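Written below as structure tokens is the structure these notes are about.
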Number of protein chains: 2
Amino acid sequence: MALEHAILVSLTERAGSGYELARRFDRSIGYFWPATHQQIYRVLRRMDEAGWVKHTEIAQDGRPDKKVYRVAAAGRAELSRWLAEPEDPAILRDGLGVKLRGASLGSVDLVLREIERHRAEHATRREVYRGIQKRDFPKPATLHGRDLHQYLVLRGGIRAEESFVAWCDEVIDALRKDSR
Amino acid sequence: MALEHAILVSLTERAGSGYELARRFDRSIGYFWPATHQQIYRVLRRMDEAGWVKHTEIAQDGRPDKKVYRVAAAGRAELSRWLAEPEDPAILRDGLGVKLRGASLGSVDLVLREIERHRAEHATRREVYRGIQKRDFPKPATLHGRDLHQYLVLRGGIRAEESFVAWCDEVIDALRKDSR
DNA sequence: AGGTGCACTGCAACGAGTTGCATAGGTACG
DNA sequence: CGTACCTATGCAACTCGTTGCAGTGCACCT
């Protein structure tokens, strides 16, 4: 439902090919809305047929040709229609929770190690996001408009990772105490 | 990938019909792994065919017959196999982030109102979880084993909602200041 | 008497997301 | 010289998740 819109937002910021979009989704936008190149190509095609975007084929030497997409009027209209529409609250779906809940049916120790691993992963992401914040938004108080919005989205990512890490710490601590 | 395992965990706690499982998923387990009755019925059937669960048909008067499922040996084996296997870290996928990022392409004011709405939703969930915590786990320090694990999963839900609400507050505050 | 809601199961169709593979030239490493 | 990775696009097949519908019978409300 919303990959279309994520792509439209990204393309509005600047035009690009499917491949480039996939790279962008690997960084920034994709931290909050992951997508593979397959999905992106398919959705681009669909939006092209619907007239939401237009593409220009660009021949490159040494490299394969590419199609650079830009948002058309119908796409901008669709985007503002969607922006005004209510959005379902994000749902949390975490397999680690299921594992923890079932821990006593297997090895609690293995689950504990798994949680430590996830803690490390999320701590890494947190640091990546903090790095972006320092580099791209050193003075948050001076931000306005689009830059402010981008900064706030990043803040959401940081907060989510922080809170995940804190939860892992609580769990690790409690499980260690319990096994003594 | 893991709905099977979520159901197995739930069925291990106690046997039940598809319908009953769907109710459980609406409460507790489903807060961290949502599923509709359709998915549950299909997966139960699949697991039945694979021999992971067994069902007993139970005739009820006044109500439709039901099939009560319980975990078979193969299901227990599969569960402990899965518990020992590494799990992909949960991915965050939040349309609200996309909306905020694109806010300046539509009405910032409408997006702001949308964020206020989500804040209210998440605050409600947070209160529901806190209620469960107070009712079911009044003395966390005394918990062990399975009860402790359940409590910790609930703590994860509470933390996630708390952090979401805090983020909304940060965003609302920043957008209000920016529009002045 | 009629409507709504609950308990219970299920089909059928669709949309979203994943995985594996194919193609094809360029560059970089050992 | 072979291998592997990067740019670039795409097909095919699959699983996962959602939505709409259908049937049965009881209980409750108006």
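The values are calculated or read from the model by the stated rules, or taken from the named source; none is laboratory data. These figures come from a predicted structure and were not determined experimentally. So basically every Cβ, Gly included, is an ideal-geometry build from the backbone, and we count neighbours across all protein chains shown.
List of remarks:
- The test for being at pLDDT 95 or above, within 30 Å of residue B:114 (Cα to Cα) and among the small types (Gly, Ala, Ser) holds for residue B:22.
- Selection within segment A:58-79 - among the charged types (D, E, K, R) and over 30 Å from residue B:111 (Cβ atoms): A:61, A:63, A:65, A:66, A:67
- Within segment A:163-175, tally of residues that are surrounded by fewer than 23 Cβ atoms within 10 Å (Cβ to Cβ), within 7 Å of chain B (Cβ to nearest Cβ) and of a type outside the set (S, T, N, Q): 3
- Just one of (1) buried (at least 22 other Cβ atoms within 10 Å of the Cβ); (2) within 10 Å of DNA strand D (Cβ to nearest atom); (3) in contact (Cβ under 8 Å) with a residue 40 or more places away in the chain fails for residue A:40. It is (3).
- Among residues of segment A:50-66, those that are surrounded by fewer than 17 Cβ atoms within 10 Å (Cβ to Cβ) and within 12 Å of DNA strand D (Cβ to nearest atom), counted: 10
Condition check ((1) in contact with a strand residue (DSSP E or B) (Cβ under 9 Å, 6 or more places away or on another chain); (2) modelled with pLDDT of 95 or more; (3) of a type in the set (A, V, I, L, M, F, W, C)) across all residues:
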position	(1), (2), (3)
A:76	no, yes, no
A:85	no, no, no
A:90	no, no, yes
A:94	no, no, no
A:113	no, yes, no
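- In the set (1) crowded, with 18+ Cβ neighbours inside 10 Å; (2) within 10 Å of chain A (Cβ to nearest Cβ); (3) under 23 Å from residue A:169 (Cβ atoms), residue B:126 fails one condition alone, (2).
- Unmet requirement for residue A:85, which otherwise passes all of (1) of a type in the set (D, E, K, R); (2) within 14 Å of chain B (Cβ to nearest Cβ); (3) farther than 28 Å from residue B:118 by Cβ; (4) within 15 Å of DNA strand C (Cβ to nearest atom): (3)
- Condition broken by residue B:109, with the remaining ones in (1) away from DNA strand D (no atom under 16 Å from the Cβ); (2) away from chain A (no Cβ under 14 Å) satisfied: (2)
- Residue within segment B:129-138 that is under 30 Å from residue A:106 (Cβ atoms) and either of a type in the set (Ser, Thr, Tyr) or at the interface with another protein chain (Cβ under 7 Å from one of its Cβ atoms) (or both) present: yes
- The lone exception for residue B:90 - which of (1) assigned to a helix (DSSP H, G or I); (2) without any contact (Cβ under 8 Å) to a residue 60 or more places away in the chain; (3) within 17 Å of the chain's Cα centre (by Cα) it fails: (1)
- Residues that are away from DNA strand C (no atom under 11 Å from the Cβ), surrounded by fewer than 21 Cβ atoms within 10 Å (Cβ to Cβ), within 12 Å of the chain's Cα centre (by Cα) and not β-branched (Val, Ile, Thr) occur in segment B:8-27; there is at least one.
- Residue check, residue B:29 within 16 Å of DNA strand D (Cβ to nearest atom), modelled with pLDDT of 95 or more and within 27 Å of residue B:125 (Cα to Cα): no
- When residue A:176 is tested against (1) basic (Lys, Arg); (2) in contact (Cβ under 8 Å) with a residue 60 or more places away in the chain; (3) in contact with a Cys (Cβ under 7 Å, 6 or more places away or on another chain), only condition (3) is not met.
- Residue in segment B:93-111 that is farther than 27 Å from residue A:7 by Cα and of a type outside the set (Gly, Ala, Ser) present: no
- Residue check for residue B:84: in contact with a Ser or Thr (Cβ under 9 Å, 6 or more places away or on another chain) and within 12 Å of DNA strand D (Cβ to nearest atom): no
- Check on residue B:32, among the aromatic types (Phe, Trp, Tyr), within 30 Å of residue B:164 (Cβ to Cβ), surrounded by 15 or more Cβ atoms within 10 Å (Cβ to Cβ) and facing another protein chain (nearest Cβ under 9 Å): yes
- Within the option set B:99, B:54, B:66, being within 12 Å of DNA strand C (Cβ to nearest atom) and basic (Lys, Arg) holds for one residue only, B:66.
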